[in-house]
């Protein structure tokens, strides 16, 4: 779903005084709730990622495949990464924080909409891969969890 489509949905919610909108499809879930000073859009991560495939070429070595792949929490959208809800607030998570699928781990701002990003899996945060207020791409790893 494109950001422009999400903006249209948010505008329709405002026009019709709706407080919640939810849509679920095979590869995408979108939940928008409003009613506070700002609209919050929650977009879970992609359901599955393709497994890497190593190919061997005659006369050369096959690429190495990490035998212990790290589990990551990836960005579901393009935007600006924030570790806390405001500059004065504590970060949502730190290294060593235990998370559940419903734990908010960061906010990604896209087109002036603050999107709470949930862990979508259980584990412990082992590494934070992005600095605060940095641009992120779709699918870019944000955290390593164990």
Residue 139 fails exactly one of (1) within 14 Å of the chain's Cα centre (by Cα); (2) at pLDDT 55 or above; (3) surrounded by 15 or more Cβ atoms within 10 Å (Cβ to Cβ), namely (3)
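Could you identify the single residue in 139, 96 that is assigned to a loop (DSSP other than H, G, I, E, B), over 25 Å from residue 7 (Cα atoms) and in contact with a strand residue (DSSP E or B) (Cβ under 8 Å, 6 or more places away or on another chain)?
Working: 139 fails: over 25 Å from residue 7 (Cα atoms).
Just one listed residue meets the conditions, 96.
Every residue, every condition in (1) surrounded by fewer than 19 Cβ atoms within 10 Å (Cβ to Cβ); (2) closer than 14 Å to residue 141 by Cβ; (3) modelled with pLDDT of 95 or more, yes or no:
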{"site": "68", "(1), (2), (3)": "yes, no, no"}
{"site": "71", "(1), (2), (3)": "yes, yes, no"}
{"site": "75", "(1), (2), (3)": "no, yes, no"}
{"site": "81", "(1), (2), (3)": "no, yes, yes"}
{"site": "86", "(1), (2), (3)": "yes, no, no"}
{"site": "89", "(1), (2), (3)": "yes, no, no"}
{"site": "98", "(1), (2), (3)": "yes, no, yes"}
{"site": "105", "(1), (2), (3)": "no, yes, yes"}
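The values are calculated or read from the model by the stated rules, or taken from the named source; none is laboratory data. It should be emphasised that the depicted structure is a prediction, and the values quoted were computed from it without experimental measurement. So basically every Cβ, Gly included, is an ideal-geometry build from the backbone, and we count neighbours across all protein chains shown.
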